[in-house]
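A short worksheet on the structure shown next.
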Amino acid sequence: MRIVFMGTPEFAVPSLEALLKSEDQVVGIVTQPDRPKGRGQELAPPPIKLIAQRENIPFLQPLKIRTPDFLEALAAWKPDLIAVTAFGRILHAPILNLPPRGCVNVHGSLLPKYRGAAPVQWAVINGETETGITTMLMDEGMDTGPMLLQARLPILPEDTTGSLAPRLAELGGRLLVETIAQLKAGTLTAQQQDHALATMAPLLKKEDGLLDWTMSAQALANRVRGLSPWPGAYTFHGQARWNIWNAVAVNEPTGDAPGTIVGVAKQSLRVATGNGLLELLEIQTANSKRMPVGQFLSGHRVFSGETLGAAAS
């Protein structure tokens, strides 16, 4: 089978690598344009482009996917099927209708739960204990197409988005190959999603990292995990921004206002929340590295009774 692969970030890499090891032929790759990255804002290629170059596979990096030129180039590859993992754009009808076998998407959740751009992050933020991969036939909606296969994966208590996503991506690669094999064998029947059960996982923004101390300690701990490595959870101690990379909920009552620092010891810093205490375990300030709270406290003056929250005006 002739396959065109569409994907962009690291999450898409295991899907493409699995296809390259399969019996099918990847005849072309579509990925996003190079983007500025890092402090120097130098243009950097997406991970999928690097694989295309390594394997000497023709690739396209269109600024727009609705142009006649792009559609003609895509059609010239004569794909039987288009496989999509984290491409970053919604496909429209001319692309969806091009391959005879349709467009198969690898999505990082158990649909119809967590449709959208950030399913892995929101599963962790919301305290889920299980997630998975769904392969589906794509339509013009946001992750609304008929489902093909699903595979489940536990979310460990210590998981962050950064630790969970690679495991999901590997699972996605295996499930994509299995899905295509079953489609070719004619043993797979698509199942419509129950749209009434759908939940959304919208793209996160930098400002979503600001911690709201009126939330419960457990919700804040989950949020810290889900926002790692990006956009990162943070709060302010006066004008100083603290990035919080690791924290755990402590089920102890407190009469202090949310955001109040209630306990400072050599290796411990606890903050009152809307319900319980949040113990901060790993902190980073401007122009410094991430450090355990004990190391952080040895170099910063922090006192019980002080308040964390938005930056002081």
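The values are calculated or read from the model by the stated rules, or taken from the named source; none is laboratory data. This one's a predicted model, so the numbers in the text were calculated from it and none came from an experiment. Note: ideal-geometry Cβ built from the backbone for every residue, glycine included; neighbour counts use all protein chains shown. Just so you know, the surface numbers come from the protein's heavy atoms only, side chains and all, with ligands and any DNA or RNA stripped out. Shrake-Rupley method; radii C 1.70, N 1.55, O 1.52, S 1.80 Å.
Structure notes:
- Qualifying residue in the range 301-310 (condition: aromatic (F, W, Y), open to solvent by 60 Å² or more (accessible area, probe 1.4 Å) and on the phi < 0 side of the Ramachandran plot): yes
- Yes/no for T144 being farther than 21 Å from V224 by Cα, touching a helix residue (DSSP H, G or I) at 6+ places or on another chain (Cβ under 9 Å) and hydroxyl-bearing (S, T, Y): yes
- Condition met for L176 (under 20 Å from the mean Cα position of the chain (by Cα) and either in a helix (DSSP H, G or I) or at pLDDT below 95 (or both)): yes
- When we screen S288, S228, S304 for residues that are within 30 Å of F11 (Cα to Cα), touching a strand residue (DSSP E or B) at 6+ places or on another chain (Cβ under 8 Å) and outside any strand (DSSP E or B), the only hit is S228.
- When the range 62-79 is filtered for residues that are among the aliphatic types (A, V, I, L, M) and open to solvent by 50 Å² or more (accessible area, probe 1.4 Å), the ones remaining, listed by number, are L63, A76.
Each row is one residue, and each column tells you yes or no for (1) without any contact (Cβ under 8 Å) to a residue 24 or more places away in the chain; (2) closer than 12 Å to L308 by Cβ.
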| position | (1), (2) |
| --- | --- |
| L204 | no, no |
| S216 | no, no |
| N222 | no, no |
| A233 | no, yes |
| D256 | yes, yes |
| G274 | no, no |
